[in-house]
Each structure stands twice: as structure tokens, then as C-alpha cells.
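One structure is given here, and the rest of the page talks about it.
The values are calculated or read from the model by the stated rules, or taken from the named source; none is laboratory data. Worth saying up front: this structure is predicted, and the values here are computed from it rather than measured. We place every Cβ from the backbone using ideal geometry, glycine too, and count neighbours over all the protein chains shown.
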Amino acid sequence: MSIFSFNDNINIDDKNMDDNNNAKLLEYYLECKNHYNAIERNLDVIMYHYYCLKEKDYGAYVANVKEDSFIQWNVFKEHKKDVLNNKKICNAKINELCHHVYDTDTIDIDPDKSCTIVFCTICGNTK
Ligand SMILES: [Zn+2]
């Protein structure tokens with residue numbers, strides 16, 4: 001069962017939907033994606049610290065810390081699964097809703113190297 005509830009039941013194939021609704025839905029899913037990215041980054045930090053605690057061995061009399069850390073690590077692992085699933089839903093909806101407008105940009109990797117990326121100026125999707 002999912003810990004987070006996420007509404008992905010919006011029917012974007014509705015023929016009565018106008019461009020304004022389309023744009024609002026796209027905005028909604030882009031904002032959701034940004035929040036899920038931030039949640040994922042923070043969960044990674046929290047999971048790292050619980051992982052460190054659960055891997056520490058200070059002997060039997062601090063075993064509770066280790067066990068509690070293991071339980072919490074698993075709880076956050078489940079949270080992360082839900083977040084990744086919700087991000088996948090957001091990306092699928094964004095791809096359906098966005099009329100991609102691609103542009104190219106050159107990014108410096110180091111002083112001698114650069115690479116060219118192709119990205120959508122609306123949703124940030126890369127090719
Ligand atoms: Zn796009």
C-alpha cells in the first residue's frame with residue numbers, strides 16, 4: 001500500500017479540455033515533480049544517516065539504536081519507493097501534456113571539455 005496518495009486519475013484525453021486546462025495540468029505536474037525531487041533528495045540524506053547508525057556496532061547495550069535505525073531506514077526506503085513511483089506518474093503526464101519545444105545548450109564539463117544537450121524549454125525534458 002502506498003504511503004503517499006497521489007491523484008493520477010485526471011483524464012487528460014478529455015476532448016472538452018481546452019488549452020488553458022492543459023496548461024494548468026502541466027503546471028500542476030511540473031510543480032509536483034519539483035516537490036518530489038526535493039523530497040527524494042531529503043529522503044536520501046535521512047536514509048544515509050539511518051544507514052550509518054544501523055551499520056554501527058557499539059555492542060549489545062546500544063542494540064536498540066541499531067534496531068530502531070534499521071526499522072526507520074526501512075520506513076524511509078518505502079517512502080522513497082512511493083516518491084519514485086509518483087515521479088514516474090508525473091513524468092508520464094508531463095510527456096502527454098507538454099507540446100515540447102526543444103532547444104540546445106552547451107555545458108562545460110571541465111575547462112577543456114563541453115557537451116551539447118537538447119532540452120525542452122517548457123518542461124526541461126532532455127533528448
Ligand atoms: Zn516539454
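Could you check, for region 55-75, whether at least one of its residues is away from the ligand (no atom under 13 Å from the Cβ), within 24 Å of the chain's Cα centre (by Cα), closer than 30 Å to residue 18 by Cα and surrounded by 15 or more Cβ atoms within 10 Å (Cβ to Cβ)? Taking every residue of region 55-75 in turn, none turns out to be away from the ligand (no atom under 13 Å from the Cβ), within 24 Å of the chain's Cα centre (by Cα), closer than 30 Å to residue 18 by Cα and surrounded by 15 or more Cβ atoms within 10 Å (Cβ to Cβ).
Filtering region 72-111 to residues that are of a type in the set (Phe, Trp, Tyr) and assigned to a strand (DSSP E or B) leaves only 102. Checking residue 93 against (1) more than 16 Å from the ligand (Cβ to nearest atom); (2) surrounded by 11 or more Cβ atoms within 10 Å (Cβ to Cβ), only one condition comes out false. Which one? Condition not satisfied by residue 93: (1).
Within region 76-90, restricting attention to residues that are among the hydrophobic types (A, V, I, L, M, F, W, C) and away from the ligand (no atom under 16 Å from the Cβ), the residue that is farthest from the chain's Cα centre (by Cα) is 76.
Being within 14 Å of the ligand (Cβ to nearest atom) and either in contact (Cβ under 8 Å) with a residue 24 or more places away in the chain or of a type in the set (Asp, Glu) (or both) is the filter here; which residues of region 96-111 pass it? Outline the logic, then answer.
Residues of region 96-111 within 14 Å of the ligand (Cβ to nearest atom): 96-103.
Residues satisfying the conditions are 96, 97, 98, 100, 102, 103.
Here residue 102 clears all of (1) more than 21 Å from the chain's Cα centre (by Cα); (2) exposed (fewer than 12 other Cβ atoms within 10 Å of the Cβ) except the condition numbered (2). Name the residue that is nearest to residue 27 (Cα to Cα), counting only residues in region 112-127 that are in a strand (DSSP E or B) and within 11 Å of the ligand (Cβ to nearest atom). Checking each candidate, the answer is 120.
Which of the following residues is buried (at least 17 other Cβ atoms within 10 Å of the Cβ), among the basic types (Lys, Arg) and at pLDDT 95 or above: 87, 81? So that I can check it myself, show each step before the final result.
On the way: 81 fails: buried (at least 17 other Cβ atoms within 10 Å of the Cβ).
Exactly one of 87, 81 is buried (at least 17 other Cβ atoms within 10 Å of the Cβ), among the basic types (Lys, Arg) and at pLDDT 95 or above, namely 87.
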